[in-house]
1. How long are the semi-axes of the equivalent ellipsoid of the chain, taking √(5λ) for every eigenvalue λ of the Cα gyration tensor, in whole Å from largest down?
2. Could you work out the Rg to Rh ratio of the stretch 38-107, with Rh taken as the Kirkwood radius (inverse of the mean 1/r over all Cα pairs)?
3. How do 39-50, 64-75, 87-98 rank on mean C-beta neighbours within 10 Å, highest first?
4. Could you tell me the relative contact order of the chain? Use alpha-carbon pairs under 8 Å, at least six residues apart, and round to a whole percent.
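A short reminder: the numbers here are calculations on the coordinates, not readings from a lab. Everything numeric in this text was worked out from a predicted model, so none of it was measured. When we count neighbours, we look across all protein chains shown, and the Cβ atoms used for this are built from the backbone with ideal geometry, even at glycine.
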């Protein structure tokens, strides 16, 4: 128990002493890592993530509703949940298209945001 407390004290509270003792800083030169990311890249990542989440939410419901429809054995016009099937189908297709064509969506967002900036000034 004493050894564990000693190790915790050295690693948590005496880190400067430990780094000097092991000479950890002497072999490294300071290098800065530039992590600048363009707004288009950020928007593209956001569009892909939101589209993927929407697709993953609507696909199971669509499959479940289609399974129930085929088990029910009615015509599509007589089935009560036909609007729900259509809604989730359109949602799944739209989110898939937005996910796979994220560059086009980002261009459209940038074009509309610049139009809005021009109208505001």
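1. The answer is 54, 29, 11 Å, longest axis first.
2. Rounded to two decimals, Rg over Rh is 1.17.
3. 87-98, 39-50, 64-75
4. In percent, rounded to a whole number, it is 31.
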